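The values are calculated or read from the model by the stated rules, or taken from the named source; none is laboratory data. Since the model is a prediction, treat every value here as computed from it, not as a measurement. Every residue, glycine as well, gets a Cβ built from its backbone with ideal geometry; the counts of neighbours run over all protein chains shown. To get the accessible areas, we keep the full protein, side chains included, count just its heavy atoms, and leave off ligands, DNA and RNA. Shrake-Rupley method; radii C 1.70, N 1.55, O 1.52, S 1.80 Å.
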Amino acid sequence: MLLPLHALLSQEEVARLRALIEQADWVDGNATSGHQARLVKNNLQLPEESPEAQQGGQIVLAALARHAGFIAAALPVKIYPPMFNSYAGGQALGLHVDNAVRPLPRGGTSVRCDLSMTVFLEEPDRYDGGELTIETAFGVQQVKLGAGDAVLYPAGSLHRVEPVTRGRRLASFFWIQSMVRDHEARSALLDLDQSIQQLSGDLGEGHAGLVKLTGLYHNLLRRWTDV
Ligand code: NI
């Protein structure tokens, strides 16, 4: 499942976020990389502990919390604090798979990275390259969305960021632990949820068949959830 989320952030939020992070101190993205990523990573990143990254992360988290499409698709139980990166002057990120588990930066437990998310913070006509290239079961897909748009994809898929040859690509990225670990099961629940929403519009929410289908949704979720 590769799911674009259009206008996750409003234009006002994008502007506020950019004003916050653009004047922050960026560092070499390898500061936080594992061994394999260090071999392929060439970008700048905001240190996770910087106040700008933390305040910016709150803007992203608030937008996720009110986005019904995100909740339905990801069924999130934990979200890693959003991070921010920047690519310019030919910088790129080579082909890799994201780490399976990330300890939370401020202590406590870890996040199992079921899903990866990128939120684009620059308009696509302001830079060349910088596509997020993801290898899926249906072939290679390239994603380059508008400022404020996001894409959700399985963290286990091979992916890379193409070299940015003009301008600068700014983005937020992070991982999500889902209530439902299995991608096929989560996709089936999303299909069922969307069908119920559609039928509710056509038949009215009290329809007896819809009450049964809604029960089926919750009973499958109960069966498949691991929280
Ligand atoms: Ni990655």
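Return a yes/no flag: does segment 27-41 have any residue that is in contact with a helix residue (DSSP H, G or I) (Cβ under 7 Å, 6 or more places away or on another chain), at pLDDT below 95, open to solvent by less than 60 Å² (accessible area, probe 1.4 Å) and not charged (D, E, K, R). Steps first, please.
Taking segment 27-41 first, the residues in contact with a helix residue (DSSP H, G or I) (Cβ under 7 Å, 6 or more places away or on another chain) are 30, 38, 41.
If we keep only those that are at pLDDT below 95 too, we end up with 30, 38, 41.
This time we only want the ones that are open to solvent by less than 60 Å² (accessible area, probe 1.4 Å), so: 30, 41.
After this cut, where a residue has to be not charged (D, E, K, R) as well, the list is 30.
Looking through segment 27-41, at least one residue is in contact with a helix residue (DSSP H, G or I) (Cβ under 7 Å, 6 or more places away or on another chain), at pLDDT below 95, open to solvent by less than 60 Å² (accessible area, probe 1.4 Å) and not charged (D, E, K, R).
So, in segment 82-129, how many residues would count as being small (G, A, S), within 16 Å of the ligand (Cβ to nearest atom) and in a strand (DSSP E or B)? Spell out the reasoning first.
The first filter runs over segment 82-129 and keeps only residues small (G, A, S), leaving 86, 88-90, 92, 94, 100, 107-108, 110, 116, 129.
Filter once more, so that each one left must be within 16 Å of the ligand (Cβ to nearest atom): 86, 92, 94, 100, 116.
Among the residues that remain, those that are also in a strand (DSSP E or B) are: 86, 92, 94, 116.
Within segment 82-129, residues that are small (G, A, S), within 16 Å of the ligand (Cβ to nearest atom) and in a strand (DSSP E or B) number 4.
Show the residue pairs that are 6+ apart or on different chains and have beta-carbon atoms under 7 Å apart, the first residue being within segment 172-188 and more than 12 Å from L220 (Cα to Cα) and among the basic types (K, R), the second being within 16 Å of the ligand (Cβ to nearest atom) and outside any helix (DSSP H, G or I).
Between residues of segment 172-188 that are more than 12 Å from L220 (Cα to Cα) and among the basic types (K, R) and residues that are within 16 Å of the ligand (Cβ to nearest atom) and outside any helix (DSSP H, G or I), the close pairs are R181/D114.
Cβ-Cβ under 8 Å, sequence separation 6+ or interchain: first residue in segment 133-151 and closer than 15 Å to L8 by Cα, partner assigned to a strand (DSSP E or B) and open to solvent by 20 Å² or more (accessible area, probe 1.4 Å). Which pairs?
Qualifying pairs under 8 Å: L145/P4; D149/P4; A150/P4; V151/L3; V151/P4.
Select from segment 130-146 the residues that are within 14 Å of the chain's Cα centre (by Cα) and away from the ligand (no atom under 12 Å from the Cβ) and list them in ascending order.
The answer is V143, K144, L145.
Exactly one of (1) within 20 Å of the chain's Cα centre (by Cα); (2) open to solvent by 10 Å² or more (accessible area, probe 1.4 Å); (3) over 14 Å from T118 (Cα atoms) is unmet by D149. Its number?
Status for D149: all satisfied but (3).
Can you tell me which of P82, P51, P4, P47 is out of contact with any Lys or Arg (no Cβ under 6 Å at 6 or more places or on another chain) and farther than 26 Å from G129 by Cβ? I'd like the intermediate steps shown before the answer.
Numbers: P82 fails: farther than 26 Å from G129 by Cβ; P4 fails: farther than 26 Å from G129 by Cβ; P47 fails: farther than 26 Å from G129 by Cβ.
One residue alone meets the criteria, P51.
When you check S157 against the structure, is it within 16 Å of the ligand (Cβ to nearest atom), open to solvent by less than 60 Å² (accessible area, probe 1.4 Å) and part of a loop (DSSP other than H, G, I, E, B), yes or no? Please lay out each step first, then the result.
Working: within 16 Å of the ligand (Cβ to nearest atom): yes; open to solvent by less than 60 Å² (accessible area, probe 1.4 Å): yes; part of a loop (DSSP other than H, G, I, E, B): yes.
The answer is yes for S157.
Take V211 and tell me if it is without any contact (Cβ under 8 Å) to a residue 60 or more places away in the chain and assigned to a strand (DSSP E or B).
Values: without any contact (Cβ under 8 Å) to a residue 60 or more places away in the chain: yes; assigned to a strand (DSSP E or B): no.
Against the criterion (without any contact (Cβ under 8 Å) to a residue 60 or more places away in the chain and assigned to a strand (DSSP E or B)), V211 does not qualify.
So, of the residues in segment 178-227 that are within 29 Å of the chain's Cα centre (by Cα) and among the β-branched types (V, I, T), which turns out to be most open to solvent (accessible area, probe 1.4 Å)?
V227
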